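Below is one structure, written out as structure tokens, with a few remarks after it.
The values are calculated or read from the model by the stated rules, or taken from the named source; none is laboratory data. Predicted model, so just to flag it, every value in this text is computed and none were measured. Virtual Cβ from ideal backbone geometry, glycine too; neighbours counted across all protein chains shown.
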Amino acid sequence: MSRGSAGTPGQKFQVLNPPNQLKAKVGNGGVDEAAIKRMEAAVQGLRGEFEAQAKTESVKLAAAAAELLREPNNIEKRQTVYMLAHELRGQGGTYGYPLITRFGDQLCRYLDASDFLDAKALVVVKAAADAIVVVINNGVAGDGGDVGRQLVAMLDKVVAQVKGEA
């Protein structure tokens with residue numbers, strides 16, 4: 001604590017330094033590299049489970065998207081597509097599939113932004129769902145190299161065309 005004068009003579013102030021409770025809980029810092037390695041190994045060990053589950057979910061996503069194409073303004077069908085894409089996007093990046101996350105995010109955002117799904121909007125839904133299925137079925141991990149770039153370009157082009165930007 002210190003005492004001193006403020007801007008006017010005779011006025012006193014007191015500086016309070018509260019205890020750093022976070023530092024007391026975690027200590028002086030430092031990263032436990034061994035713990036990080038164990039966590040990375042655990043995630044890697046679960047990757048196979050994710051890949052198997054993602055294949056199952058991609059079949060459901062493709063079927064749900066096809067149903068939505070037949071009934072574009074059926075709220076339940078729309079919610080099913082959204083939830084499947086949302087689940088896949090949430091896990092894709094964790095297990096080394098950032099393209100699943102990207103395409104799932106695009107699909108979810110597109111469904112969120114569209115109150116009414118017209119024929120143009122359905123092209124985006126189908127393209128995004130198809131891109132996710134391709135990534136999963138072909139094990140396109142990481143950035144996907146040439147295949148990944150082609151998929152990203154294809155989906156971006158479809159979205160731009162639908163928005164009238166291409």
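Numerical summary
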read-out: Residue within the stretch 103-123 that is small (Gly, Ala, Ser) and buried (at least 20 other Cβ atoms within 10 Å of the Cβ) present; value: yes
read-out: The listed residue being modelled with pLDDT of 90 or more, more than 30 Å from Gly45 (Cα to Cα) and part of a helix (DSSP H, G or I), out of Leu84, Leu122, Leu107; value: Leu122
read-out: Matching residues, the stretch 118-166, being among the acidic types (Asp, Glu) and within 15 Å of Gln106 (Cα to Cα); value: Asp130, Asp156
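The rows are residues; the columns are (1) at pLDDT below 95; (2) farther than 25 Å from Gln44 by Cβ; (3) loosely packed, with under 15 Cβ neighbours inside 10 Å.
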| site | (1), (2), (3) |
| --- | --- |
| Pro72 | yes, yes, no |
| Gly90 | yes, no, yes |
| Val159 | yes, yes, no |
| Gly164 | yes, yes, yes |
